[in-house]
């Protein structure tokens with residue numbers, strides 16, 4: 001699969017729950033439906049919870065990559081309301 | 001327009017809700033709500049709306065804070081005794097949330113000022129304690145096509161309903177038609193009121209305002225909710241619109257707001273009205 005075009009990026013490694021997910025929601029808000037957001041997040045609680053919370057809201061998780069420095073990069077496609 | 005990091009943190013528990021989210025929080029920030037009455041119902045309502053980040057809150061009341069108010073009017077504190085209620089409420093709201101703009105109106109709401117007062121607001125809260133004011137607010141909101149939340153409390157009982165213009169749902173006058181005759185219903189000064197009742201029902205009014213602004217869920221239109229605290233029982237009663245209603249019916253006889261000749265315990269219909 002070709003890499004998707006990334007339309008926005010947010011780094012949530014400097015904040016803790018629940019501001020992590022809040023910042024992801026704010027970043028998604030700025031995209032159009034169907035665009036892709038790249039999220040840099042920490043290992044542990046964020047990587048366990050953020051993808052699940054996004055799925056619960058109907059967003060589509062495309063890819064989760066281990067960056068090898070205890071952070072991950074998550075690609076999520078924005079769904080319509 | 002963008003929220004600061006502090007605002008994101010302050011409103012995080014709202015933004016996390018799918019029914020509110022970033023969009024809903026922005027709607028709250030842009031919204032204007034008028035609370036008529038800074039007493040028992042207005043206290044929790046004003047606090048929750050300020051905490052929620054409603055951008056502009058108007059509050060109207062002519063009274064000063066009295067010692068007998070403090071048992072239930074939690075927006076006022078002991079050091080506020082003697083202070084205008086609208087100023088006391090403004091200070092507390094802005095202490096809770098400095099983002100909020102508060103417009104205090106130190107006045108009795110009457111037929112000659114109500115349309116001007118409600119004109120700038122998106123939603124009106126009837127947090128008054130007497131029938132003339134409740135009918136006045138209803139009539140003005142129906143005539144000006146403003147959504148509003150009605151509530152009333154006495155002793156261990158409370159009731160609530162929401163009116164939104166343009167719906168096939170009743171206004172307050174559809175349900176109650178006219179104020180009760182003099183002394184048929186005691187005022188809370190005579191009858192007493194359990195303090196937390198104001199908290200329950202005033203908080204429900206704040207919830208209705210937040211739901212109206214954000215579009216979340218279903219409003220309490222077409223229904224009257226009653227609460228009996230002694231039995232710990234809520235009842236949601238479906239109520240139809242009344243086609244013969246004097247203000248929202250098919251042939252309305254009330255074409256502008258009017259004052260019932262005051263004294264909540266001495267009610268007479270005004271001249272020129274059947």
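The values are calculated or read from the model by the stated rules, or taken from the named source; none is laboratory data. Treat the numbers as computed from the prediction; the structure is a model and nothing was measured. A quick note on method: Cβ atoms are made from the backbone with ideal geometry, for glycine too, and the neighbour counts reach across all protein chains shown.
Before moving on, here are some points about what is shown:
- When each of B:169, B:191 is tested for being in contact with a strand residue (DSSP E or B) (Cβ under 9 Å, 6 or more places away or on another chain) and at pLDDT 95 or above, the lone residue that passes is B:169.
- Taking the range A:1-12 as the range and being part of a loop (DSSP other than H, G, I, E, B), more than 13 Å from chain B (Cβ to nearest Cβ) and without any contact (Cβ under 8 Å) to a residue 60 or more places away in the chain as the test, the residues that pass are A:1, A:2, A:3, A:5.
- Residue among A:15, A:26 that is at pLDDT below 95, surrounded by 13 or more Cβ atoms within 10 Å (Cβ to Cβ), over 20 Å from residue B:19 (Cβ atoms) and within 13 Å of chain B (Cβ to nearest Cβ): A:15
- Residues that are surrounded by fewer than 21 Cβ atoms within 10 Å (Cβ to Cβ) and touching a strand residue (DSSP E or B) at 6+ places or on another chain (Cβ under 7 Å), drawn from the range B:195-214: B:200
- Among the criteria (1) within 28 Å of residue B:113 (Cβ to Cβ); (2) touching a helix residue (DSSP H, G or I) at 6+ places or on another chain (Cβ under 7 Å), the one residue B:204 does not fulfil is (2).
- When the range B:1-48 is filtered for residues that are farther than 19 Å from residue B:213 by Cα, more than 14 Å from every other protein chain (Cβ to nearest Cβ) and either part of a helix (DSSP H, G or I) or free of Cβ contacts under 8 Å to residues at least 12 places away in the same chain (or both), only B:43 remains.
- Residue satisfying all of: in the range A:33-78; within 14 Å of chain B (Cβ to nearest Cβ) and outside any helix (DSSP H, G or I); farthest from the chain's Cα centre (by Cα) among these: A:33
- Check on residue B:90, surrounded by fewer than 24 Cβ atoms within 10 Å (Cβ to Cβ), within 14 Å of chain A (Cβ to nearest Cβ), touching a residue at least 24 places away in the same chain (Cβ under 8 Å) and not in a loop (DSSP other than H, G, I, E, B): no
- Residues located in the range B:129-155, provided they are buried (at least 24 other Cβ atoms within 10 Å of the Cβ) and outside any helix (DSSP H, G or I): B:148, B:149, B:150, B:151, B:153
- Residue in the range A:28-43 that is without any contact (Cβ under 8 Å) to a residue 24 or more places away in the chain and more than 22 Å from residue B:8 (Cα to Cα) present: no
- In the range B:63-85, the residues that are under 18 Å from residue B:199 (Cα atoms) and either in contact with a strand residue (DSSP E or B) (Cβ under 9 Å, 6 or more places away or on another chain) or touching a residue at least 24 places away in the same chain (Cβ under 8 Å) (or both): B:65, B:69, B:71, B:72, B:73, B:74, B:75, B:76, B:85
- Of all residues in the range B:194-217, those satisfying the criterion of being under 21 Å from residue B:11 (Cβ atoms) and either part of a loop (DSSP other than H, G, I, E, B) or modelled with pLDDT under 95 (or both) are B:215, B:216, B:217.
- For the range B:144-169, the tally of residues that are more than 17 Å from the chain's Cα centre (by Cα) and in contact (Cβ under 8 Å) with a residue 24 or more places away in the chain stands at 5.
- Summed over the range B:241-270, the residues that are over 21 Å from residue B:109 (Cβ atoms) and either at pLDDT below 95 or in contact with a helix residue (DSSP H, G or I) (Cβ under 7 Å, 6 or more places away or on another chain) (or both) give a count of 3.
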